[in-house]
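Throughout, read-outs are computed from the coordinates displayed, never taken from laboratory work. Keep in mind the model is a prediction, meaning the values are calculated, not measured. Note that we place each Cβ from the backbone using ideal geometry, even for glycine, and neighbour counts take in every protein chain shown.
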Amino acid sequence: MDVSDSVLDHLRHVAALPDLSGTRYELESEIGRGGMGVVYAARDRQLDRRVALKVLDSALAGEAQLIARLEHPAIVPIYETGELPDGRAFYAMKLVAGARLDHYLAGSPSLGERLRVIRRVGEALAFAHTRGTIHRDLKPQNVMVGEFGEVYVMDWGVAAIAGTPAFRAPEASLDQRSDIYALGALLEFMLIAPGSSAAPPALRAIAAKAMSADPAARYPVAAALLADIDRFQEGRAVEAWSEPLWHRLRRFGSHNAVLLWLLAAYAIVKFALFFLRTR
Amino acid sequence: MNKILVGLLFGLLLGALDGATAAFYPETRNLMTGIMVGSSIKGMLVGLLSGWFARKVQSTKWGIAMGAALGLLFAFGVAAMQHEHYLEIMLPGFVTGAIIGFLTQRMGAAKLAEKREA
């Protein structure tokens, strides 16, 4: 690449930057780039705060209205929508300070912490599904974990997006069960992330059930998948896995360890008293 | 089911079972009915108070401690009435109380949940 090429690249880059004149925002830097738009960090001059600004093709402007309807703690709130002088649509949203899920997992969070994150993602999905919205492209890159542990699911339900291969359900027409497939794929991704210890078979079974090729074999709703994760965390049997007897006994033992110790203490006391008496 | 009812039921069951173990001693076989009734009532009293405590304090550790203390206290009362067999009555009573205390913490709805259900 010679000097003229680099100058040309720079000019292209500058030309592609959105013209924010006439808006209350001041461009800071590019944060990310996706199939249907670019996200920038910007400053809201009026309220003197940093925001994330997503600039879209005008054809996809409905995305903002769609997300604005989804008021949930795990869904990034939309502040404002508008149109740039060049006709492109944009919307301003909360700028989340934190890490993308794939980067967050590099820090080897505990299994409990990873399940907390998947629970928050699942709750956001369940909420959106009750509002008739599906995500369509759930993947680690679309989940942010904030610096205080808050979880946000981003890039909701744009019709032009058909999902990311590793997280996309095999069926052609996407619906709620396609999101459940992606949630299962996300769970699997989190279980096998580098630095994590061997995934418990019950959790692997939950992910596998959610990722069944046949949509009817998946969990019918996101809440059902979360309920199975709850069962795992409470030491109960999960629906997705018919566990072997030895595993069931071990789970019963660890779940009821205190009771078993007390019963053993009672038996020891009784035997000791009986043998002391008859000696 | 509320925690007091859980305590009463498990107190009755475990008290009766504890009383039934007296059948291993030949000298008590003629007194089995009285022992079982007395032991069941003792268990129910421990269960009642442990269940009441579990509604106030949600802690497995303190539930076990309270159940054990109540079991020991009531077992001492029973042994004191007979003026003998203190160890044979108080030691199992202590452990049975601990089990009842544990069960009242683990099972049954706490007061807040009961109100919500209502």
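Can you sort B:K3, B:K61, B:K42 from fewest to most other Cβ atoms within 10 Å of each residue's own Cβ?
By the 10 Å Cβ count, ascending, the order reads B:K61, B:K42, B:K3.
Rank the residues A:K94, B:K56 as a footprinting-exposure proxy: fewest other Cβ atoms within 10 Å of their Cβ go first.
B:K56, A:K94
Relative contact order, percent, of chain A when contacts are C-alpha pairs under 8 Å separated by at least 6 residues?
The normalised contact order for chain A reaches 12 percent.
State the answer as a single residue: which of B:G51, B:G93, B:M32 lies farthest towards the positive end of the charge dipole of region B:13-99, with beta carbon charges of +1 for Lys and Arg and -1 for Asp and Glu, about the Cα centre.
B:G51
Please work out the Cα convex hull volume for the protein assembly as shown and give it in Å³ per residue.
208
If the cut-off is a Cα-Cα distance under 20 Å, which aspartates and glutamates reach B:K42, setting aside same-chain residues fewer than 8 apart in sequence?
Within reach: B:D18, B:E84, B:E88.
Just tell me which aspartates and glutamates come within less than 17 Å, Cα to Cα, of B:K3; anything on the same chain fewer than 8 places away is out.
B:E114, B:E117
Taking the alpha-carbon centroid of each part, what is the distance from region B:55-78 to region A:199-264 in angstrom?
Their Cα centres are 33 Å away from one another.
Compute, for the protein assembly as shown, the length of the dipole vector about the Cα centre, with Cβ point charges of +1 (Lys, Arg) and -1 (Asp, Glu) only. Units Debye, rounded to 20.
1960
State the Kirkwood hydrodynamic radius of region A:98-243 in Å, one decimal place, computed from all pairs of distinct Cα atoms.
Here the Kirkwood hydrodynamic radius works out to 15.1 Å.
Any chance you could give the angle, 0 to 90 degrees and rounded to 10, that helix A:3-16 forms with the longest Cα principal axis of chain A?
It works out to around 80 degrees.
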